[in-house]
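Here is the structure we will look at, set down as structure tokens.
The values are calculated or read from the model by the stated rules, or taken from the named source; none is laboratory data. Because the structure is predicted, anything quoted here is derived from the model rather than measured. Glycine gets a Cβ as well: all are built from the backbone with ideal geometry, and neighbour counts include every protein chain shown.
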Amino acid sequence: MILEFIFYDFEKAGWFEGGQIMKILAVVGSPRRNGNTHIVVRKIAEGAKAKGAAVKEIFLGDLTIAECDGCQCCWEAERCSKDDDMQQVYEQIIGSDGFIFGTPVYWYGPTALMKAFVDRFVYFNCEKNRKKIRGKKAVLAVPFEEEDEQTARLVEEFFDKSLNYLEMAVSGKVLVPGVGKKGDVLKKKDKLDEAFGLGSALVTQIELGHGR
Ligand SMILES: Cc1cc2nc3c(=O)[nH]c(=O)nc-3n(C[C@H](O)[C@H](O)[C@H](O)COP(=O)(O)O)c2cc1C
């Protein structure tokens, strides 16, 4: 079981305040529950938890996240104009120290679920909201069917450039080629070990950044 809800207050829809527990938000962008992305994200989460972090997982397929239509209300008012689940997710993002973003390759890009989620980061693209996310680190989990690692190039660039633009950083990635069927990744022990290590490394990098 990867979720540690003890640090998450569902009624207030926010992280439990107090203490020095590092908070990591794990975002599963595949619509396939318990599929390859979900498994790798969970492994990264295990690595983070082994280093003492609390991890909250969200499965984008469970949520209603409308596409950003560029109204730019979020740059004027405090709030995004879309009254959907992203309102709660914004709070989770703001309250987190770091992120795990997982998406399979879908036609050489991220899934539509992940693209809609990241599009909504336009909220953070103004000075007022930028400070809520500036400097935060993320790691990526990207499985795909083809054997050539270049298959994930556009997904890598999508995250690298978008997060860099937002003054965040991708601090590590685990790419998993050669996995097509649900659960194929379970045969790739080396990749699961790499994922675990990535989660632990994320916590260390965030600690160093905080001067802890
Ligand atoms: C709509 C769709 C598009 C896909 N496009 C690609 C692709 O361009 N290249 C590739 O290697 N795999 C592609 N795949 C295969 C998935 O990346 C692969 O099955 C992955 O393991 C799915 O991860 P999941 O189990 O987390 O959903 C595609 C799968 C779907 C359903």
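Some notes on this structure:
- Hits in region 28-55 - residues which are of a type in the set (A, V, I, L, M, F, W, C) and either closer than 18 Å to R120 by Cβ or away from the ligand (no atom under 14 Å from the Cβ) (or both): V28, A45, A48, A50, A53, A54, V55
- Note on region 62-73: residues that are within 21 Å of the chain's Cα centre (by Cα) and within 10 Å of R120 (Cα to Cα) amount to 4.
- Scanning region 182-196 for residues that are within 17 Å of I44 (Cβ to Cβ) and surrounded by 15 or more Cβ atoms within 10 Å (Cβ to Cβ) yields V185, K188, K191, L192, E194, A195, F196.
- For region 141-173, a residue qualifies if it is within 13 Å of the ligand (Cβ to nearest atom) and either modelled with pLDDT under 95 or touching a strand residue (DSSP E or B) at 6+ places or on another chain (Cβ under 6 Å) (or both), and the qualifying residues are A141, V142, P143, E149, A152, L154, V155.
- In region 116-141, of all residues being among the charged types (D, E, K, R) and under 26 Å from D62 (Cα atoms), the one that is farthest from the chain's Cα centre (by Cα) corresponds to K132.
- Counted as qualifying within region 1-107 are the strands (runs of 3 or more DSSP E) with 3 or more residues that are at pLDDT 95 or above and farther than 19 Å from M168 by Cβ, namely 54-59.
- Restricting attention to region 56-68, the residues that are under 19 Å from F159 (Cβ atoms) and either buried (at least 24 other Cβ atoms within 10 Å of the Cβ) or away from the ligand (no atom under 16 Å from the Cβ) (or both) total 3.
- Residue in region 148-155 that is hydrophobic (A, V, I, L, M, F, W, C), buried (at least 19 other Cβ atoms within 10 Å of the Cβ) and touching a residue at least 60 places away in the same chain (Cβ under 8 Å) present: no
- Residue count for region 124-144 satisfying the condition of being out of contact with any Lys or Arg (no Cβ under 9 Å at 6 or more places or on another chain) and in contact (Cβ under 8 Å) with a residue 24 or more places away in the chain: 13.
- If you filter region 106-116 down to residues that are surrounded by fewer than 23 Cβ atoms within 10 Å (Cβ to Cβ) and not hydroxyl-bearing (S, T, Y), you find that the one that is farthest from the ligand (Cβ to nearest atom) is A116.
- Pair list, Cβ < 8 Å and 6+ apart or interchain, from region 32-53 residues that are over 12 Å from A201 (Cα atoms) to residues that are aromatic (F, W, Y): R33/F59; H38/F59; K43/F196
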